[in-house]
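Take a look at the structure set out below.
Read-outs throughout are calculated quantities, based only on the coordinates presented, and are distinct from any laboratory measurement. Every value quoted in this text rests on a predicted model; they were computed, and no experiment measured them. Please note: Cβ atoms are built from the backbone with ideal geometry, for glycine as well, and neighbour counts cover all protein chains shown.
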Amino acid sequence: METSKSKVLSGLIWKFAERISAQVVTFVVSIILGRLLMPEDYGLITVVTIFITFANCIVTNGFGSSLIQKKDSDNLDFSTVLYFQFAFSMVLYGLLFVCAPLIAKFFGEGYDLLVPVLRVLGIRIPLTAINTVQQAYVSKKMIFRKFFLSTIGGTVISAVVGIWMAYEGYGVWALVGQYLTSTTVSTIILGFTIKWRPELKFSWTRLREMFAYGWKLLAAGIIAELYNEMRKIVIGKFYTSADLAYFDRGMQIPNIIVTNINTSISNVLFPAISNAQNNIADVKAIMRRSIRTSSYIMCPMMFGLAVVAEPLISLLLTDKWLPCVPYLRIYCIAYCFEPIQTANLQAIKAVGRSDIFLKLEIIKKLSYTVILFAVMFQSIDAIAYSLLLNTFIAIIVNTTPNKKLIGYSFKELIADMAPGILVSTVMAGIVFAEGMFLPLSPLPMIIVQVATGGVVYLVLSVVFKVETFRYLLDTALEIIGKKKA
């Protein structure tokens, strides 16, 4: 168990380093591009990425998880998945290329550039098919430091490309250049930094074996992605491209924080639980620690971001983006619980119950779709608020199976989440009250509120003896002590 703990901690450290470094650069770039480009440009890109993301989901979901979950996966397995996914991705890209005019016609006026943008940015699909197998290899071997160079390299180079193109007046093509460069460079660097090389072999038998496990995750991923993109399709079709940009921008800023934490936890947690899948006590212990830690870290970030949303948007993106503030706050609350969902679902996947994983996605997305159809013509605000109801449904649905699978009850989940939520709520209330009575401009206001929030959160953690605070402090001291030794 100590070896497993060491690998999990090491993996989390490298994943956090990779995600935080990448997202800091991405965040800075998004600010610069947000100032240079108009909301309508982002609205067009958002529509294009709907179809590319969905195609990527079809290509990548399932087999990558199968490679990680399979205990004795070898080079033949990885090679087989690589060749199959690449061939399939080329077919999907061809379909998108041909259907681009029909997609543009569906969305109508304001989407004239959709056809060429979709055809160029669609090149990401086959590149992502390759990158997914590379990432599965890294996760299987738990050598997460390999992600660092590839992600940082792709992020930095793509940032330079995107900013240069925006300054040169390329408009929406600056975003195309940034996204395409990021995927290309990341895949190339990862290809050089890991030792794995595909064999010139292919096995239909191995593919069928992995498909038996992976198809349920694939179906679940398609269902989840279809619903996620359906909201954007509805807004893009029945409202304006600027409305879609505000809605999507409201999601993007909290998503930067969620991606840092949730992706790190997900990529490390799944292989860690998969390796311990024969010991239910270990699976439960790893999962509970993940939920406690993620709740303690995520809640103050999301609650704090919701409080400072208005001055933050005004300062970073100018007042032209202020309509995205209500959506940002709603996403902050919804995303607060995202790592909890991830931990529950990763445990279900890792113990080999992809059938349950699929059933849960069907139940959730059917419920979400009914809710979406009920509010879609009322307003974008109604669509946004429906996310909070979806979050409540997801918590109940995702946690229910683990009571039987690993003995993790809903009561234990509440106990694990409660300290982070309660302390964050008190902290957010104090910071909000401070903002009401201090007549400061955006930058000083943000500095004061963030500083106050951080101090209040740490003090409350000490006063109420929050266990996760002590755990993280002891872990940090242990790491520092080892480095000095």
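The stretch 304-339 and the stretch 209-252 have their alpha-carbon centroids 21 Å apart. Phi-derived couplings, Karplus 6.51 cos²θ - 1.76 cosθ + 1.60 at θ = phi - 60°, listed residue by residue for the stretch 181-198: 5, 4, 5, 5, 5, 4, 5, 5, 5, 5, x, 7, 8, 9, 7, 5, 10, x Hz, with x used for Gly and Pro. 3J(HN,Hα) along the stretch 155-164: 5, 5, 5, 5, 5, 4, 4, x, 5, 4 Hz, from the Karplus curve 6.51 cos²θ - 1.76 cosθ + 1.60 with θ = phi - 60°, whole Hz, x for Gly and Pro. In this structure the amide hydrogen of residue 196, modeled in the peptide plane, comes within under 5 Å of no amide hydrogen from residues 5 or more places off or on another chain.
Quick one: net charge around residue 407, please, counting Lys, Arg +1 and Asp, Glu -1 for every other residue with C-beta under 15 Å from its C-beta. Show your work: numbers first, answer last.
Details: positive: 284, 288, 353, 403, 404, 411; negative: 282, 412, 416.
It works out to a net charge of +3.
Computed over the alpha-carbon pairs of the stretch 239-485, the distance histogram in 5 Å steps reads 1, 6, 12, 15, 17, 16, 13, 10, 6, 3, 1, 0, 0 percent, short to long.
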